[in-house]
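The values are calculated or read from the model by the stated rules, or taken from the named source; none is laboratory data. Small disclaimer: the values here were computed from a predicted structure and weren't measured. Cβ placement follows ideal geometry from the backbone for every residue including glycine, while neighbour counts extend to all protein chains displayed. Accessible surface is based on the protein model in full, side chains and every heavy atom, while ligands, DNA and RNA are left aside. Shrake-Rupley method; radii C 1.70, N 1.55, O 1.52, S 1.80 Å.
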Amino acid sequence: MPNLLLLNFSGVHYGVWEDAVPSIVSAVPLHHLPLSPPVIAGIAIIDDRSAVIADLGACLGCPPLVNPRQGTFLIISANDTIAGFCVEGNVERLGCPPEHVLPLPPAVATSVADTCAVRGSSLLPIINIGHLHDRLKQGLLELPLPEPGPPHSGM
């Protein structure tokens with residue numbers, strides 16, 4: 001059964017597939033870059049290399065983390081210009097059987113989150129972290145909006 005990493009952003013829970021995150025490390029000091037956009041948390045030294053770390057919550061429209069040092073880094077690729085993301089607190093794992101994964105309604109689905117997982121009586125949006133990482137590397141810092149659907153027929 002595949003695992004989801006459970007993430008908490010300002011009280012809203014999200015999931016990321018564990019197999020999409022090659023490395024999870026405790027946060028290290030970040031050096032903030034002046035004039036950098038809010039989605040960029042800063043530069044960290046990881047494995048003796050400098051790595052740009054994005055604030056995953058800020059990428060989703062939440063306020064930037066006040067103290068990323070008390071969180072966790074999700075490292076996507078140490079060789080990329082943006083190595084990974086910082087998240088608040090510790091990351092938990094949740095086994096998620098395929099029958100608990102549902103598509104998000106088109107009115108809210110985006111290329112960054114188009115599925116969700118059923119957890120008790122709640123739905124957890126699942127972040128496509130690889131796609132989000134690719135967008136950031138291309139300089140696309142704004143969260144994509146849902147595609148407009150057909151007009152509502154008010155009968």
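Name the single residue, out of those in segment 38-60 being of a type outside the set (Val, Ile, Thr) and without any contact (Cβ under 8 Å) to a residue 24 or more places away in the chain, that is nearest to Gly15 (Cα to Cα). Break it down into steps so the answer makes sense when it comes.
First pass over segment 38-60, keeping only residues of a type outside the set (Val, Ile, Thr): 38, 41-42, 44, 47-51, 54-60.
Remaining after also requiring without any contact (Cβ under 8 Å) to a residue 24 or more places away in the chain: 48, 50, 58.
Details: Asp48: 29, Ser50: 27, Ala58: 15 Å.
Out of the qualifying residues, it is Ala58.
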- Task: Evaluate the following for Gly120: is it under 19 Å from Gly11 (Cα atoms) and either without any contact (Cβ under 8 Å) to a residue 24 or more places away in the chain or open to solvent by 40 Å² or more (accessible area, probe 1.4 Å) (or both)?
- Result: yes
- Residue by residue through segment 27-38, note down the ones that are within 13 Å of Cys86 (Cβ to Cβ), open to solvent by less than 60 Å² (accessible area, probe 1.4 Å) and not small (Gly, Ala, Ser). Val28, Leu30
- Task: Inspect all residues belonging to segment 15-26 and state whether any of them is surrounded by 14 or more Cβ atoms within 10 Å (Cβ to Cβ) and at pLDDT below 90.
- Result: no
- Taking only segment 1-26 into account, find how many residues are hydrophobic (A, V, I, L, M, F, W, C), farther than 13 Å from Cys86 by Cβ and out of contact with any helix residue (DSSP H, G or I) (no Cβ under 6 Å at 6 or more places or on another chain). 5
- Gly57 fails exactly one of the following numbered conditions: (1) part of a helix (DSSP H, G or I); (2) open to solvent by 40 Å² or more (accessible area, probe 1.4 Å); (3) not acidic (Asp, Glu). What is the number of that condition? (2)
- Note on the structure: For Val112, the lone unmet condition from (1) out of contact with any Lys or Arg (no Cβ under 9 Å at 6 or more places or on another chain); (2) aliphatic (A, V, I, L, M); (3) within 19 Å of Glu18 (Cα to Cα); (4) open to solvent by less than 10 Å² (accessible area, probe 1.4 Å) is (1)
